[in-house]
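To keep things clear, I will list the structure first and then write my remarks on it.
The values are calculated or read from the model by the stated rules, or taken from the named source; none is laboratory data. Note that this is a predicted model, so its numbers are computed, not measured. Backbone-built Cβ (ideal geometry, glycine too); neighbour counts: all protein chains shown.
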């Protein structure tokens, strides 16, 4: 395959073996480019605007870490303030049947709440920005990649509401059954999806560059 314009150096295959990436220069301007290898295709594109990976196969889907940090922190703070014991969490305040925390239990519960709020923020960030990273690096079907994307997000997001609802519900068995089916069963499903995803990734054929190594 020939690059139609300019020059190209340091060529690397994408993880799925369908695209060749290279450092190039067009009209005196250096940049990162991609060339498709599908039958009849011979083109170059600016990978920074059109692809999810760079020549090393590293994902650029989350190309703005600052966005991830901002979303994680904003959502995390809101989650911490609105959890069951938070100042804005009165809509699902703990049931009177739940014992009050005392002594060292208080800071331990606060740390747990902060961790769940941070997981909520990370989960929302991954939901917003993570799919392109998985798609660019996982040589599996788009449907399985999307299922894994949603499963990972749910594994991070669920704990904020999960724990607060347990405290709000107390020992009400009907409410407990609802929580079990809404959260526990879906977490099991998420685990099954991720198992299938990672088995498919491990069993996928190696990209041309990996076979040549």
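Taking the listed residues 101, 161, 147, the one that is free of Cβ contacts under 8 Å to residues at least 60 places away in the same chain and under 25 Å from residue 70 (Cβ atoms) is 161, with no other qualifying.
With the condition kept exactly as written, say whether any residue in the stretch 127-137 is surrounded by 17 or more Cβ atoms within 10 Å (Cβ to Cβ) and at pLDDT 95 or above.
yes
If you go through the stretch 73-87 and keep only what is surrounded by 14 or more Cβ atoms within 10 Å (Cβ to Cβ) and part of a loop (DSSP other than H, G, I, E, B), you end up with 83, 84, 85, 86.
Do we have residue 149 as at pLDDT 95 or above and either surrounded by fewer than 20 Cβ atoms within 10 Å (Cβ to Cβ) or outside the structural domain of residue 202 (by TED's automatic domain parsing) (or both) here? Against the criterion (at pLDDT 95 or above and either surrounded by fewer than 20 Cβ atoms within 10 Å (Cβ to Cβ) or outside the structural domain of residue 202 (by TED's automatic domain parsing) (or both)), residue 149 does not qualify.
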